[in-house]
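The values are calculated or read from the model by the stated rules, or taken from the named source; none is laboratory data. Only a predicted model underlies this, so the values are computations on that prediction, with no experimental measurement involved. As a convention, Cβ positions derive from the backbone with ideal geometry for all residues, glycine included, and neighbour counts pool all protein chains shown.
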Amino acid sequence: MNAKYLVMGLIVAGGAAAATSVSLAAGGGPRIIGSWNGTNAYALDDTFRPVYASSLTSAGYGRRPGSIETDTDGFQCVELAVRYFHYRKGIAASGWKAGAATDMCDRPAPGVSRTSKPAPGDLVVLKANDRHVGTGSAGHVAIVTASRGSTISTFNQNWDHDRTAFGSVSRDDVMCFPPRRTLSFVTAARDGTEAARYQYDVVTVTSPVMRARHA
């Protein structure tokens, strides 16, 4: 969902991920508006066509051998979240049944849970029709780049009229709609993955920021 940009800037926890700003795609492809943690964010540019990706940095409107469909309606905010979780976290793009960002709270993909302690690489879903961030009825989903106190720094698509991929929101703007659940389970991460820090971690699901529990 196209949202009003609040604070420009990026805080990278631990210096592990690098960020870059606007650049133009060559050959008439989608326009890159920013990069973070080896992932490109693309401009929607009022183009509402199916998007296919073959990596975090390769996505466009044409289907290629080995590519996956990450959105049916252009480079929406949901497309970035789905692509990132597919290639970085191992959460299949086909597992999401979300027509809007807010649906990602009601119907998360298998392997995705909610956490009260967001970390870089998690997803955050913003309230629908929130005048503070300019969301519409679909809400907005973004990738968390840092969480400091009440401020969550984010990496986005379809944000600030495609002028930047980076933003900052308040926890007050974060909301999910399903009833709270208490799903406790144990997960073992595979070696060499971003999720390795969660190895044999017991998780209670009760809050609106989403995290992949395997990679």
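Side notes on the structure shown:
- Conditions (1) surrounded by 14 or more Cβ atoms within 10 Å (Cβ to Cβ); (2) at pLDDT below 50; (3) within 19 Å of Y84 (Cα to Cα); number of the one not met by N37: (2)
- First in region 54-74 and over 16 Å from H86 (Cα atoms), second anywhere and among the polar types (S, T, N, Q), Cβ under 7 Å, 6 or more apart: R64/S54; G74/T47
Yes/no per residue for (1) modelled with pLDDT under 95; (2) surrounded by fewer than 22 Cβ atoms within 10 Å (Cβ to Cβ):
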site	(1), (2)
S116	yes, yes
V125	yes, no
D130	yes, yes
Q157	no, no
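- Single unsatisfied condition, L80 versus (1) surrounded by 20 or more Cβ atoms within 10 Å (Cβ to Cβ); (2) part of a loop (DSSP other than H, G, I, E, B); (3) not charged (D, E, K, R): (2)
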